[in-house]
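Here's the structure, in structure tokens; my notes come after.
Every number here is computed from the coordinates shown, using simple stated rules; none is lab data. The structure displayed is predicted, hence computed values, not measured ones. So basically every Cβ, Gly included, is an ideal-geometry build from the backbone, and we count neighbours across all protein chains shown.
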Amino acid sequence: MRTFILAILFCACVNDKPIVDIGREAGTPVIPSIELPEDLPPDDPPNCVSCSKVLQRGLRGGVACVRNAKPSSAAKLGAYVVCACQQQCTAVCGAHCAGAARDTQCNECLQSKCKAAVTACEGEP
Amino acid sequence: MNSKHLVYCLGASMLAAAVFVPACSLYVRDEAVQCKTDEDCSSRGPDFVETGCASAGPSKGFCIDRRSLRVNGECAANADCVDITGPGSVCTIGDDSLARCVRVVTEECPTYVGDPFIEGTALYGLLGEISPEDTGFAQDFPLLAAADLAVNEFQSDRALELNGKRRIAIIGCSESKPRTAAAHLAQLGVKAVIGPSAESRLLRVAEQLSPRGIPLFTGHVGQNAAATLPASNKLVFLTAPTRDGWLAALNAYLPEASADVKAARTLPNVRVTVVVGPELSVYAPLIRERLSFNGKTAIENQNDAACGNCFQLVETSGKTDAQIADEVGAFGPQFIVPLVDTSWGASMLPAFEARFTGPQAGRPIYIHPMVRDEDLGYRQLNWAEAAVRARFVGLWAERDEGVLASFRERYRQRTSPSEGQVGITPTTRAIRTYENMLLVLYASYAAGRGSEAGEFNGRALAAAVSDVTAAGAQTIGPGPLSMLDAILALNKSDGAMPKPTYGKIDFNGLYTQFEFGADQAVSNRVQVFCLNASGQYVGSARVLRNGQSFEGGTPGLCR
């Protein structure tokens, strides 16, 4: 009797049909991915400088170091460029992003919208 | 769930259930997973014959039908990859001839423009320092937008799409890991690659691309560092001024400028200093041996006591700007040739100028050869004074200022954050990326002619470069206004069957005439640039066309 009751309790409806996917007729054997060759981490260029130094010279005025700190000067400069030239201040910092010195409008935008990036970069020795 | 069946009941309970439970009284929730492997599916019974386990995507963990799959590999189309790797992959054929799903975005290749997931899209790679962590990101971040502009202009008109209505997408990769990035691009099946920016990375990139027949076009390096790689034969295109090219321009210009200086300052000889930064140190031996002035090579001038050892090569590595300026100031040259890349105008020029006193007419003349961007350092000086402006000369690729101005405007619009606002100013590298991308698009079009589906591979694209840079064919300028003309010219056919002969064009870029030599490097024309009263560099009528001597305009110094 116990077995009978248990059997009733454990009866269940389950999903046992294959799903027919409208896209790929999938489920094929996943073939091994090709291993890509590796590179050594990039070295500092021989003439690299700090983020603040690049800003002093104008954005085209030098290359930033990648191995000098964490985050590196290059990463700080990258964050600055992304904010100033690609996201927040593109319209007013166009000339600065091409290498010219910052003008008043660009400075104002940077101070209001990219302050963290500016501070991190200029704060480097 | 498509259907439900009773599956787990003992014989006795079946009977009881039929009596006491008219239908399923207890349903198990839809299974969280049906499978982890394909074997899990096949072991589920006859309904699961020829099913497999989806390892990603919305059907992950469920057995799905694979009966109609007829490819050697794991996918037949990009859409198949959703069930294997999830969204974000394309189906490509690998070196092992197996079709596999490959993720487009990786650490090395963090971005793309266009939609690479549309079936049949022709993919291209762009290699540069385009990741914000890269050391040269501030120089290279405009590159992808430049390539995107070329594609956007090409695809903006239905008449201009690739054969087979193939769309175009560009995968942007950081060259800071050149091997991995290039191998990834090869795995994605790109048709061609634009880049890299650094000459030192060219070989490592070509090692990955050339054996797979993928051509690369770089507008930034001066020598084919991959020339020793047999597989790269006919697959590496250098569209920047070569080292030989800029040296020829310097050797053509120095004698005529020397004649002016010697006459004006009553000198028997001129003294020349070349300042070489560490990033361009490979140029040092070339300069010593092949730079020519006073009728002698640089090294001969250096060793000639009679002229006061009138050549100086200063390598800047490990020295401060002040030390370098002291060295040059003590030498007292009439000409200074800076090969210092990015830091010249911003920091060294002011230090140099501080060492020279007296009237402007007696101070050194700076000759800027064809290396990277035009330098804006003179703007820190009193350039409103004509005598100051006369001391700055540029020897750069010949260009049409009107065409260039149009490109700058279009580029600014494309990079504008919103309508009516100004975008970023394109750099020399961005300009070269744009024109290289256009060259690649025209070559792609030419390579796909005669195939209904527009099929072509990298080698066909490389071979078609000669069809789109054919001397004597219709000249095609850079920009959207010439595109329809280009396609019409390329579509002309003599109708011969089965292999018709198609038309050719002579595509000219913004800076580059694309006159490839046997080494697949361009021998571009060089123009003398002088500063005008507004403080802008303006091309003069003096142009070097034959690699030997300048023609046209007024010879000698800027006036």
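As a proxy for reagent exposure, ranking B:Thr51, B:Thr297 by other Cβ atoms within 10 Å from fewest up yields B:Thr297, B:Thr51. For chain B, the equivalent ellipsoid derived from the alpha-carbon gyration tensor has semi-axes of 60, 26, 20 Å in decreasing order.
Projecting the Cα atoms of B:Tyr378, B:Phe62, A:Ala101 onto the charge dipole of the protein assembly as shown (Cβ charges, centred on the Cα centre) puts B:Tyr378 farthest toward the positive pole.
Please compute the length gained on full extension between B:Lys165 and B:Ala518, using 0.36 nm multiplied by the number of residues separating them and subtracting their Cα-Cα distance. It would help to have the intermediate numbers written out before the result.
Numbers: separation 353, 0.36 × 353 = 127.08 nm, distance 3.34 nm.
Stretched out fully, the B:Lys165 to B:Ala518 stretch lengthens by 123.7 nm.
Restricting the range A:41-72 to trypsin sites (Lys or Arg not before Pro) that sit in a DSSP loop and have at most 16 other Cβ atoms within 10 Å of their own Cβ leaves A:Arg67.
Could you calculate the FRET efficiency of B:Asp96 with B:Asp400 from 1/(1 + (r/R0)^6), where r is the beta carbon distance between them and R0 is 56 Å, rounded to 0.05?
Numbers: r = 48 Å, r/R0 = 0.86.
Efficiency computed from Cβ-Cβ geometry: 0.70.
Remark on B:Ile84: its backbone amide H falls under 5 Å from those of B:Ala56, a criterion applied only to residues 5 or more positions apart or on other chains, H modelled at 1.01 Å from N. Under 19 Å from a label point set 7 Å out along the Cα-to-Cβ vector of B:Ala330, the amide N atoms of the range B:261-294 belong to B:271-276. Counting only Cβ charges, +1 for Lys and Arg and -1 for Asp and Glu, the dipole size of the range B:206-329 around its Cα centre is about 300 debye. Distance distribution P(r), the range B:434-559, all Cα-Cα pairs, bin width 5 angstrom from 0: 2, 10, 16, 19, 15, 12, 10, 7, 5, 3, 2, 1, 0 percent.
Which value, in debye to the nearest 20, describes the size of the charge dipole of the protein assembly as shown about its Cα centre when Lys and Arg Cβ atoms bear +1, Asp and Glu Cβ atoms bear -1, and nothing else is charged? Present the calculation step by step, with values, prior to reporting the outcome.
On the way: 63 positive and 72 negative charges, 156 e Å.
Using Cβ point charges on Lys, Arg, Asp and Glu, the protein assembly as shown gives about 740 debye.
For the range B:191-240 versus the range B:107-132, the spacing of their alpha-carbon centroids is 18 Å.
Amide H contacts of B:Trp396: B:Gln527, B:Phe529, each under 5 Å away and 5 or more positions distant or on a separate chain (H built 1.01 Å from N in the peptide plane; Pro and chain starts excluded). Please work out the Cα center distance from the range B:481-549 to the range A:71-118, rounded to the nearest Å. Using only Cα atoms, the two centres lie 36 Å from each other. Report, to the nearest 10°, how far helix B:11-20 tilts away from the longest principal axis of the Cα atoms in chain B, using its own Cα long axis and a range of 0 to 90°. Relative to chain B, helix B:11-20 is tipped by roughly 80 degrees. In sequence order, the range A:80-95 has phi-based couplings of 4, 5, 4, 5, 6, 10, 10, 10, 9, 10, 3, 5, 9, 10, x, 5 Hz under the Karplus curve 6.51 cos²θ - 1.76 cosθ + 1.60, θ = phi - 60°, and Gly or Pro positions carry x.
Around the Cα centre of chain B, unit charges on the Cβ atoms of Lys, Arg, Asp and Glu (plus for the first two, minus for the last two) sum to a dipole of about 740 debye. Pairs of Cα atoms nearer than 8 Å and 6+ residues apart set the relative contact order; for the range A:50-110 it is 29 percent. The spacing between the range B:294-366 and the range B:257-289, judged by their C-alpha centroids, is 8 Å. Among DSSP bridges having both ends in chain B, what percentage is antiparallel? Round to the nearest 5. Among the beta bridges of chain B, antiparallel pairing accounts for roughly 45 percent.
Here the range B:81-218 is treated as a Stokes sphere of Kirkwood radius computed over C-alpha pairs; at 10 °C and 1.306 mPa s its diffusion coefficient rounds to 105 µm²/s. Bridge orientation summary for the range B:408-559: considering DSSP beta bridges with both residues in this region, about 75 percent are antiparallel. Residues whose amide H comes within less than 5 Å of that of B:Ile365, counting only those at least five positions distant or on another chain, are B:Phe335, B:Ile336 (H built at 1.01 Å from N in the peptide plane). P(r) for the range B:445-502, from all Cα pairs and a bin width of 5 Å, is 4, 17, 24, 29, 18, 6, 1 %, short bins first. Only Cα pairs under 8 Å and 6+ residues apart enter the sum, and on that basis the relative contact order of chain B stands at 12 percent. Shape summary of the protein assembly as shown, radius of gyration then Dmax from alpha carbon positions: 31.4, 124 Å.
What lysines does B:Lys36 reach when the alpha-carbon gap must be under 30 Å and sequence neighbours fewer than 8 apart in one chain are set aside? Partners within reach: A:Lys17, B:Lys4, B:Lys60. Here the spin labels are modelled as points 7 Å beyond Cα on the Cα-Cβ line, and at B:Thr320 and B:Ala473 they lie 5.7 nm apart.
With an 8 Å cut-off on Cα pairs and a minimum separation of 6 or more residues, tell me the relative contact order of the range B:63-192 in percent.
On the way: 219 pairs, mean separation 36.7, N = 130.
Worked out over the range B:63-192, it gives 28 percent.
Paramagnetic label reach from B:Glu256 (point 7 Å along Cα→Cβ; backbone nitrogen cut-off under 13 Å): within the range B:510-553, residues B:526-530, B:540-553.
Antiparallel as a % of all DSSP beta bridges within the protein assembly as shown, to the nearest 5? Approximately 45 percent, going by the DSSP bridge assignments. Exposure proxy shown here: for B:Thr425, B:Thr554, B:Thr239, the number of other Cβ atoms within 10 Å sets the order, fewest to most, as B:Thr554, B:Thr425, B:Thr239. Principal-axis analysis of the Cα atoms of chain B puts helix B:401-414 at an angle of about 40° to the longest axis.
Legend: ranking of residues B:Lys492, A:Lys115, B:Lys191 from fewest to most surrounding C-beta atoms inside 10 Å; resulting order A:Lys115, B:Lys492, B:Lys191. For chain B, adding -39500 (n - 2.57) for each run of n ≥ 4 DSSP H residues and dividing by the number of residues yields -8500 deg cm²/dmol at 222 nm.
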